[in-house]
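Trainee: Before I ask anything, here is the structure I am working with.
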């Protein structure tokens, strides 16, 4: 039986390949054309994707380049007012009017920055030092302010959309009277700046 099977395998392998008929040849040509068309489409789509990537990259670069344009446009009047105030110092003797002009310009400048999410915060004397909002430049003892309280504020802090971008620079009480109750919470003015 094994011999019979081996003979069948041999006869199948030794038979010459059949030549495809005319219908099969047309089918093969049709499939080859279809394959060629799909390859061309794939290449076109790959090129389009590459062009889109380049266009997105250009748009992103352009966006970052001019993202602050509206902020700067809003700040220009304040810069103009400060320049006029400097010129007025040379000719005017009315120091009080000049001071009021500079104060008004500063107020407008701060309001402009607040429109874009930048807010000032200044801790009060006696508030508990909070490392997220404050940076201690100095430590001193004080008879009235409890240990860990703020004695002096050197510079205001700033948040941008509720994220601290510059902590307030402060002097902290060290070795003062002990607090009766340990305060775990963020001081009041900082809660307001965080929108809590």
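Trainee: Enumerate the pairs (first residue in the range 45-73 and farther than 24 Å from residue 113 by Cα; second residue anywhere and surrounded by 10 or more Cβ atoms within 10 Å (Cβ to Cβ)) with beta-carbon separation below 8 Å, excluding pairs fewer than 6 apart on the same chain, so at least 6 apart or on different chains.
Mentor: Matching pairs, first to second residue: none at all.
Trainee: As an exercise: evaluate residue 155 against (1) closer than 28 Å to residue 116 by Cβ; (2) modelled with pLDDT under 90 and give the number of the one condition it does not meet.
Mentor: Tallying (1) closer than 28 Å to residue 116 by Cβ; (2) modelled with pLDDT under 90, residue 155 fails exactly one: (2).
Trainee: Anything in the range 128-141 that is surrounded by fewer than 20 Cβ atoms within 10 Å (Cβ to Cβ) and touching a strand residue (DSSP E or B) at 6+ places or on another chain (Cβ under 9 Å)? List them, or say none.
Mentor: Start the filter on the range 128-141 by keeping residues that are surrounded by fewer than 20 Cβ atoms within 10 Å (Cβ to Cβ), which leaves 130-132, 135-141.
Matches in the range 128-141: 132, 135, 136, 137, 138, 139, 140, 141.
The values are calculated or read from the model by the stated rules, or taken from the named source; none is laboratory data. Keep in mind it's a predicted model, so treat the numbers as computed, not measured. FYI the Cβ positions are ideal-geometry reconstructions off the backbone, even for glycines, and counts take in every protein chain you see.
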